[in-house]
Amino acid sequence: MNTRPLQFVPASEFKQRAAMAVANQHLRRGFRGAMDFLIGKRAAQFPDAALFERQRALAEHIRKYSLARLPDLLEQLERKLTENGVQVHWAENAEQANGIIIDIARRHSTKLMVKGKSMVSEEIELNHAMADAGMEALESDMGEYIVQLDGEKPSHIIMPAIHKTKEEIARLFAAKVPGATYTDSVDELIGIGRAVLREKFMTAEIGLSGVNFAVAETGTLCLVENEGNGRMCTTVPDVHIAITGIEKVVEKLEHVPPLFGLLTRSATGQAITTYFNLISGPRKPAEKDGPREMHLVLVDNGRTQAYSDEQLRSTLQCIRCGACMNHCPVYTRIGGHAYGTTYPGPIGEIISPHLLGLAATHVLPTASSLCGACGEVCPVKIPIPDLLIRLRGEAQHDAHPGHTPMLGQGAAKSGLADAVWSGWAALYTRPALYRAFGWLATRFRALTPPLQSGWTVSRTPLKPAKRTLHEQMAVRERR
């Protein structure tokens, strides 16, 4: 089932992959139709703009409040979970997180782990780490199951297989699911997948899930889903491992409903999801189902870098609804795989530099027109365009004195760009020099190069006017 790990795409390859995606008319039509459908469903859930803004303001306040108290809330969460019988683990990076999970699996002589949807497990490449350790990790979310079967990565954080047509899935199942015959009936395809997964739920030694919200006051892990596979992963196997980024904690249970309501409506246009699981510990002696052993793995993996900066901290407000992707004109045209990272689209452009460093991702923040659509639809009011501009700057220069450098700080620094901007500053701060430059540029405009890097790929060349603005104004005043 598992294939070779799909390495993150180097920044130098992003433009090439984006160009290939734009040239793929089939992909563009598919994404355009899917995004239009989701945008329409979401808009129908928020008919009252004023009410939506009040809900956003409340959600933003909850997330900012939670992040402001993050260290204390994480300690409180650990205490409550431990009291509830949950074993809590801390992982500084992907290697540690995989090691913790594999150690647990080995102690239980695990051959098969069934997984609910978890972007953090994608982030740490858990499936491949398990395969390297001689164990199978099987995705049980239908979209995740499809892309895993095809050896791909998810192309959207809530709809992993949105880039595939039903005909493509039909051919995939016919080729790779034992006993399956070709059918392009969606109901029959879902039935084929569920038949495979149902047997796996019963035989897996461990179930793994993500976490949408972790409540510090009660030690409760909240899990949002539509298919019921998350509930199967967390109740049927004897061992349940939950994994999440450290930023998902909130203080109180009463903080969850405002976030949950905005998450489901922003993500899929649903008023509420089919399942909303509240998990507070393993099976108790008098209970008839549930795991006998439960673990939570809290993953940092670069998040403390974002947390340590007051502006960049707002990145961690994200509740993973995917609305920014659905409304992004760039994501809609190139899809998720072109980004080459676990989190594509606008949220990926601002979180990936913390997870992977600017050296590997400095091109991603430039994959935006800064139209602001992502910031306008974000249910927790993350100022995504402002963060994109900040990261573009951080990639271009060294850290300011007294500031801790970001991972990969200055990766896109260019001696030529520095010289150009130094020259620009010299011209615009010296009026006499500026006027002399303007006179020369207008008189020798015929020497303007016809090809001007990426600008002339789709635009006419920039060319100075015949006379400077000062000269034109002087002529007008003499009339």
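The values are calculated or read from the model by the stated rules, or taken from the named source; none is laboratory data. Please read all numbers here as calculations on a predicted model, not as lab measurements. Backbone-built Cβ (ideal geometry, glycine too); neighbour counts: all protein chains shown. Each accessible area value is taken on the protein alone, full model and side chains, heavy atoms only, with ligands, DNA and RNA left out. Shrake-Rupley method; radii C 1.70, N 1.55, O 1.52, S 1.80 Å.
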Exercise. Taking segment 207-303, which GluC sites (Glu not before Pro) meet the DSSP loop condition and have no more than 15 other C-beta atoms within 10 Å?
Worked result: GLU217, GLU287
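Please compute the contact order of segment 421-478 in relative form: average sequence separation of alpha-carbon pairs under 8 Å and at least six residues apart, divided by the residue count, as a percent. List each step's numbers first, then the result.
On the way: 28 pairs, mean separation 17.0, N = 58.
RCO, segment 421-478: 29 percent.
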Exercise. If you place +1 on the Cβ of every Lys and Arg and -1 on the Cβ of every Asp and Glu, how big does the dipole about the Cα centre of segment 314-425 come out, in debye to the nearest 20?
Worked result: 200
Exercise. What are the aspartates and glutamates whose alpha-carbon lies under 12 Å from the alpha-carbon of LYS117, with same-chain residues fewer than 8 places away excluded?
Worked result: GLU139, ASP141, GLU144, GLU225, GLU227
Exercise. Suppose every K and R has +1 on its Cβ and every D and E has -1 on its Cβ; what is the size of the dipole of the chain about the Cα centre, in Debye to the nearest 20?
Worked result: 2380
Exercise. Using θ = phi - 60° and the Karplus curve 6.51 cos²θ - 1.76 cosθ + 1.60, what whole-Hz ³J(HN,Hα) does each residue of segment 36-46 get, with Gly and Pro shown as x?
Worked result: 4, 4, 5, 4, x, 5, 5, 4, 5, 7, 10
For this session: Could you tell me what percent of the DSSP beta bridges with both partners in the chain are antiparallel, to the nearest 5?
Result: 25
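Which trypsin sites (Lys or Arg not before Pro) in segment 156-262 pass both tests, a DSSP loop state and at most 15 other beta-carbon atoms within 10 Å?
Answer in residue order: LYS252.
Please report, as a whole percent, how much of the solvent-accessible surface of the chain comes from carbon and sulfur atoms (probe radius 1.4 Å). Let's see the in-between values first.
Details: 12920 of 22930 Å².
Summing carbon and sulfur atoms, their accessible area is 56 percent of the total for the chain.
For the ranges 408-416, 134-142, what's the packing order if you count other beta-carbon atoms within 10 Å of each residue, average per peptide, and put the highest first? Could you put the intermediate results ahead of the total?
Details: 408-416: 14.7, 134-142: 21.4.
Order by mean packing, descending: 134-142, 408-416.
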Exercise. Of CYS318, VAL330, GLY375, which is farthest on the positive side of the dipole of segment 286-405, counting Cα position, with +1 on Lys and Arg Cβ, -1 on Asp and Glu Cβ, and the Cα centre as origin?
Worked result: VAL330
Exercise. So what are the three principal axis dimensions of segment 421-478 from its Cα atoms, in whole Å, longest to shortest?
Worked result: 40, 28, 17
Seminar exercise, completed: Sequence order, segment 406-422: Karplus ³J(HN,Hα) from phi using 6.51 cos²θ - 1.76 cosθ + 1.60, θ = phi - 60°, Hz rounded, Gly and Pro as x, gives 6, 4, x, 3, x, 5, 9, 4, 10, x, 5, 4, 4, 5, 4, 5, 5
Problem set entry | For VAL249, residues with placed amide H under 5 Å, excluding near neighbours | ALA214
For this session: Find the centroid of the Cα atoms in segment 184-240 and in segment 274-301, then give the distance between the two in whole Å.
Result: 12
Exercise. Quick one: length gained pulling ARG79 to LEU51 fully straight, 0.36 nm per residue minus the C-alpha distance?
Worked result: 6.4 nm
Exercise. Rg(Cα) of the chain divided by 2.2 N^0.38 Å?
Worked result: 1.12
Exercise. Label ALA175 and THR448 with points 7 Å out from Cα along Cα→Cβ: what is the distance between them in nm?
Worked result: 5.1
Exercise. If you roll a 1.4 Å probe over the heavy atoms of the protein chains, what accessible area per residue do you get for the chain, in Å²?
Worked result: 48
Exercise. When the chain is fully extended, how far beyond the present Cα-Cα distance does GLU287 get from ALA425, taking 0.36 nm per residue of separation?
Worked result: 42.5 nm
Problem set entry | Summed side-chain charge close to VAL22 - residues other than VAL22 whose Cβ falls under 11 Å, Lys, Arg +1, Asp, Glu -1 | +4
Problem set entry | Nearby lysines by direct alpha-carbon distance to LYS252 (threshold 16 angstrom, same-chain neighbours under 8 apart not counted) | LYS64, LYS80
Seminar exercise, completed: The Cα radius of gyration of segment 70-301, divided by 2.2 N^0.38 Å with N its residue count, comes to 1.00
For this session: Treat each spin label as a single point 7 Å out from the Cα along the C-beta direction, and report the GLU136 to ALA399 distance in nm.
Result: 4.6
